[in-house]
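Written below as structure tokens is the structure these notes are about.
A short reminder: the numbers here are calculations on the coordinates, not readings from a lab. Computed from a prediction, not measured in an experiment: that's the story for all the values here. So basically every Cβ, Gly included, is an ideal-geometry build from the backbone, and we count neighbours across all protein chains shown.
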Number of protein chains: 2
Amino acid sequence: MAVLLWERALEPAIGTWSLPGGRLRDDEDLDTSAARQLAEKVDVRELTHLEQLSVFSDPHRLPDPPRRIASAYLGLVPLTAEPELPPDTRWHPVSALPHMSFDHGGIVEHARTRLAAKLSYTNIAFALAPDRFTMSTLREIYCAALGYDVDTTNLQRVLSRRKVITPTGATASPGRAGGRPAAVYRFTDSEIRVTDEFAALRPPT
Amino acid sequence: MAVLLWERALEPAIGTWSLPGGRLRDDEDLDTSAARQLAEKVDVRELTHLEQLSVFSDPHRLPDPPRRIASAYLGLVPLTAEPELPPDTRWHPVSALPHMSFDHGGIVEHARTRLAAKLSYTNIAFALAPDRFTMSTLREIYCAALGYDVDTTNLQRVLSRRKVITPTGATASPGRAGGRPAAVYRFTDSEIRVTDEFAALRPPT
């Protein structure tokens with residue numbers, strides 16, 4: 001699980017690492033602004049998921065006036081995405097963040113918590129996985145995002161029962177470790193949805 | 001399911017109904033501001049739940065400049081709460097809103113959708129229910145908030161299995177309709193939590 005950060009070359013907080021972002025333009029809303037800044041500043045053009053995370057509004061979150069209020073977004077790209085990064089920008093493991101600017105460390109932590117929660121009741125992993133994948137790859141994604149170990153068989157069973165993933169019928173040839181070919185899956189949907197909608201209470205369809 | 005609104009006595013949008021709110025002060029963050037404005041303006045002092053809902057930032061959401069960005073909150077009080085309302089303020093059924101100011105109708109709709117979703121994967125109904133309640137009362141709360149009919153027996157079964165509610169041991173005497181005394185329940189927790197944490201994937205405790 002990695003987050004894209006850029007290193008500040010000027011004061012304030014020179015040398016610390018920041019989340020990509022910038023000022024809201026007069027003629028755009030926040031969603032448009034978040035997508036624009038990711039594309040313009042760090043070449044992230046194909047987000048599989050983008051949602052408002054939270055607004056960070058502590059009056060003293062920046063060392064000097066003017067006060068700035070940060071509307072933070074959670075934007076996801078698949079493991080296989082390879083944006084062309086500017087020289088000051090790099091992926092960092094969420095579990096080993098560098099010295100972060102201002103309150104950006106707390107924002108990343110908030111995003112990590114939100115993502116782990118959503119993995120438990122939605123199909124949001126579609127936004128992190130490649131189009132086609134084996135359970136072994138998907139397990140790695142869940143382990144990385146949840147921060148603890150997950151059993152491949154359990155994962156396959158739960159996600160299949162909830163119709164979150166669908167077998168494609170194809171198999172992947174075994175890796176160098178040998179073994180049997182592995183079944184290839186895809187996510188059933190490519191938009192976020194709650195996967196366990198309190199099934200017993202759902203309205204009749 | 002009702003929402004607290006006040007009627008605008010002055011332009012812009014005179015005579016339309018608005019969500020309680022106001023300007024963020026220089027020395028407060030958004031959470032503090034939301035709680036303060038509910039207490040000062042509509043006497044809502046004991047929220048059982050308050051969360052950031054979404055930021056509404058369409059550059060043209062208000063008819064005239066200056067541009068204003070609205071950070072909307074979902075604040076809940078129990079059915080039994082009785083704030084002392086100012087004369088211009090009234091509870092309105094979410095299913096029959098009056099003529100709403102600006103984009104406030106869309107904000108209420110967003111809140112309704114969020115609340116219905118959270119009812120399906122969290123214990124958030126604790127914030128709407130009285131301290132002690134019968135399943136019949138709880139069913140009414142779920143029906144109102146979900147917007148469709150829910151079976152009392154199913155509701156009791158699902159919420160008990162997930163340890164969301166706990167029997168108190170007490171019973172309520174039957175109402176005028178007669179029948180047997182009803183078991184009285186309480187919510188197990190009074191903070192929001194995800195009630196079905198993808199059980200099979202949880203870390204060992």
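Structural remarks
- For peptide B:59-66, the mean count of partner chain Cβ atoms within 10 Å of a residue's Cβ comes to 1.
- Furthest towards positive pole of dipole, A:LEU115, A:PRO65, A:GLN156, structure part the protein assembly as shown, Cβ charges: A:GLN156
- Copies compared at B:ASP43 - label distances in nm, ascending, label defined 7 Å from Cα in the Cβ direction: 6.1
- Proximity of backbone amide H atoms, modeled 1.01 Å from N, is registered between A:SER54 and A:ALA72 at under 5 Å, excluding neighbours fewer than 5 places apart on the same chain.
- Axis-nearest residue in chain A [Cβ, rotation onto B], distance in whole Å: A:TYR121, 2
- C-alpha center-to-center spacing [the range B:86-123, the range A:77-100] in angstrom: 39 Å
- Amide H partners (placed H, <5 Å) of A:VAL44, local residues excluded: A:ALA39
- Note on the protein assembly as shown: with charges restricted to the Cβ of Lys and Arg (+1) and Asp and Glu (-1), its dipole about the Cα centre is near 1760 debye.
- Within the listed set A:PRO83, A:PRO59, A:PRO20, the residue fluctuating most in the Gaussian network model of chain A (springs between alpha-carbon atoms under 10 angstrom) is A:PRO59.
- Dipole check for the range A:143-196: with +1 at the C-beta of Lys and Arg, -1 at the C-beta of Asp and Glu, and the Cα centre as origin, the magnitude is about 220 Debye.
- Rounded to whole Å, the principal axis extents of the Cα atoms in the range A:10-51 read 30, 25, 17, largest first.
- Maximal additional length on extending the B:GLU84-B:ARG8 stretch stands at 25.5 nm, based on 0.36 nm per residue less the C-alpha distance.
- Nearest-ten-degree value, helix A:30-42 long axis tilted from longest Cα axis of chain A: 90 degrees
- Of B:SER136, B:SER71, B:SER57, the residue with the greatest mean-square motion in the GNM of chain B, using alpha carbon springs below 10 Å, is B:SER57.
- The HN-Hα couplings worked out from phi for the range A:72-86 by the Karplus form 6.51 cos²θ - 1.76 cosθ + 1.60 (θ = phi - 60°) are 8, 10, 9, x, 10, 10, x, 2, 8, 5, 9, x, 7, 7, x Hz, whole numbers, x standing for Gly and Pro.
- Here chain A is treated with +1 on each Lys and Arg Cβ and -1 on each Asp and Glu Cβ, and its dipole about the Cα centre works out to around 880 debye.
- Hydrodynamic radius of the range A:1-98 per Kirkwood, over alpha carbon pairs, in Å: 14.6 Å
- Angle between chain A longest axis and helix A:104-121 axis [Cα atoms, degrees, rounded to 10]: 20 degrees
- Members of A:LYS41/B:LYS118; B:LYS118/B:LYS163; A:LYS118/B:LYS41; A:LYS163/B:LYS118 lying beyond 28 Å, as alpha-carbon distances in this model show: A:LYS41/B:LYS118; A:LYS118/B:LYS41
- Inter-copy spacing of A:PRO12 label points, which lie 7 Å from Cα along Cα→Cβ, given in nm from shortest upward: 3.2
- Take each residue of peptide B:27-38, count the partner chain Cβ atoms within 10 Å of its Cβ, and average: the result is 2.
- Global geometry of the range B:110-158, whether rounded, prolate or oblate, following the gyration tensor of its Cα atoms and the 1.5 cut on a/c: prolate
- Residue-by-residue Karplus 3J(HN,Hα) for the range B:45-57, coefficients 6.51, -1.76, 1.60, Hz, glycine and proline x: 10, 10, 7, 8, 7, 9, 9, 4, 9, 5, 9, 9, 10
- Helical content alone sets the calculated 222 nm signal of the protein assembly as shown at -8000 deg cm²/dmol, taking -39,500 (n - 2.57) per DSSP H segment of four or more residues and averaging over every residue.
- By DSSP, the beta bridges lying fully in the range B:1-134 are antiparallel in about 95 percent of cases.
- Overall, the ratio between the Cα radius of gyration of the range B:22-156 and 2.2 N^0.38 Å, rounded to two decimals, is 1.16.
- Cut-off 14 Å between beta-carbons: net charge of the residues surrounding A:TRP6, Lys and Arg +1, Asp and Glu -1: -2
- At most 14 other Cβ within 10 Å, DSSP loop - GluC sites (Glu not before Pro), the range B:10-69: B:GLU46
- Pseudo-label separations to other copies for A:ASN154 - Cα-to-Cβ vector, 7 Å, nm: 2.8
- Long-range amide H partners of A:THR168 with built H, under 5 Å: A:VAL184, A:TYR185, A:ARG186
- Along each principal axis, Cα extent of the range B:42-118, largest first, Å: 39, 32, 24
- Among B:ASP26, B:ASP64, B:ASP43, residue whose mean-square fluctuation peaks in a GNM of chain B (springs only between Cα atoms under 10 Å): B:ASP26
- Backbone HN-Hα couplings from phi across the range B:141-155 [Karplus 6.51/-1.76/1.60, Hz, Gly and Pro as x]: 5, 5, 4, 5, 7, 7, x, 8, 7, 10, 7, 4, 5, 4, 4
- Rounded if a/c under 1.5, otherwise prolate or oblate - the protein assembly as shown, Cα gyration tensor axes: oblate
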